[in-house]
Amino acid sequence: GLLPHYRGCTCVEWAIFNDDPVAATCHFMTEGIDEGPVICTEIMPVPTGTPYAKIRADMVGHQCRTMIKGIQRIAAENITFDELPGQGEGTYYGVIPAPHMVEVKAKTERGDYSSSKA
């Protein structure tokens, strides 16, 4: 998810539900859930009319590319955990409830979501 705004579970679905961009963030790990210093964040383009299943499937590759970009940044800039600022306040999202998930799927099927509108 787009840290620190989307920490936790089903961040793609929550972002769509809230009309925000879907994103992947590469970050260092801490004991807190999705609270470590951010290395890089990448918003995934989602054209209007993209079905939910395609958004979810495309996110897998997007997450991998974001992680690779983060690792490359660490190597190129010799970044360590302590050199990056903390994230600050954010929001933890649990598993999206079934009625919200119905709306997520309907929103994408109706063409009411795209990352460019978010």
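The values are calculated or read from the model by the stated rules, or taken from the named source; none is laboratory data. This structure is a prediction, so every number in the text was calculated from the model and none was measured. When we count neighbours, we look across all protein chains shown, and the Cβ atoms used for this are built from the backbone with ideal geometry, even at glycine. Keep in mind that these areas ignore ligands, DNA and RNA; they rest on the heavy atoms of the full protein, side chains included. Shrake-Rupley method; radii C 1.70, N 1.55, O 1.52, S 1.80 Å.
So which residues in the range 64-102 are farther than 28 Å from residue 30 by Cβ and over 19 Å from the mean Cα position of the chain (by Cα)?
Those that are farther than 28 Å from residue 30 by Cβ and over 19 Å from the mean Cα position of the chain (by Cα): 98, 99, 102.
Write out, first by first residue and then by second, each pair whose Cβ atoms fall under 7 Å of each other, whose residues are 6+ apart or on separate chains, and whose first residue, in the range 49-62, is under 12 Å from residue 107 (Cα atoms) while the second is open to solvent by 40 Å² or more (accessible area, probe 1.4 Å).
Within 7 Å, the pairs are 51/109; 52/105.
How many of the residues in the range 89-108 are exposed (fewer than 13 other Cβ atoms within 10 Å of the Cβ) and out of contact with any strand residue (DSSP E or B) (no Cβ under 8 Å at 6 or more places or on another chain)?
The number of residues fulfilling the criteria is 7.
Would you be able to say whether some residue in the range 42-58 is within 24 Å of residue 79 (Cα to Cα), open to solvent by less than 20 Å² (accessible area, probe 1.4 Å) and in a strand (DSSP E or B)?
Among the residues of the range 42-58, not one is within 24 Å of residue 79 (Cα to Cα), open to solvent by less than 20 Å² (accessible area, probe 1.4 Å) and in a strand (DSSP E or B), which makes the answer no.
Residues of the range 87-101 being assigned to a helix (DSSP H, G or I) and either hydrophobic (A, V, I, L, M, F, W, C) or modelled with pLDDT under 95 (or both), which ones?
The answer is 98, 101.
Which number in (1) more than 16 Å from residue 9 (Cβ to Cβ); (2) modelled with pLDDT under 95 marks the one condition that residue 35 misses?
Residue 35 satisfies all of (1) more than 16 Å from residue 9 (Cβ to Cβ); (2) modelled with pLDDT under 95 except (1).
Against the conditions (1) closer than 17 Å to residue 115 by Cβ; (2) assigned to a loop (DSSP other than H, G, I, E, B); (3) open to solvent by 30 Å² or more (accessible area, probe 1.4 Å); (4) of a type in the set (A, V, I, L, M), where does residue 29 fall short? Just the number, please.
Among (1) closer than 17 Å to residue 115 by Cβ; (2) assigned to a loop (DSSP other than H, G, I, E, B); (3) open to solvent by 30 Å² or more (accessible area, probe 1.4 Å); (4) of a type in the set (A, V, I, L, M), the lone unmet condition for residue 29 is (1).
Please work out which residue is farthest from residue 32 (Cα to Cα), limiting yourself to the range 73-83 and to residues that are free of Cβ contacts under 8 Å to residues at least 24 places away in the same chain and in a loop (DSSP other than H, G, I, E, B).
Across the range 73-83, the extreme among qualifying residues is 78.
Identify, from the list 86, 36, 70, the residue that is in contact (Cβ under 8 Å) with a residue 12 or more places away in the chain, out of contact with any helix residue (DSSP H, G or I) (no Cβ under 7 Å at 6 or more places or on another chain), open to solvent by 60 Å² or more (accessible area, probe 1.4 Å) and more than 24 Å from residue 19 (Cβ to Cβ). Spell out how you get there, then give the answer.
Working: 36 fails: open to solvent by 60 Å² or more (accessible area, probe 1.4 Å); 70 fails: open to solvent by 60 Å² or more (accessible area, probe 1.4 Å).
After ruling out the rest, the residue left standing is 86.
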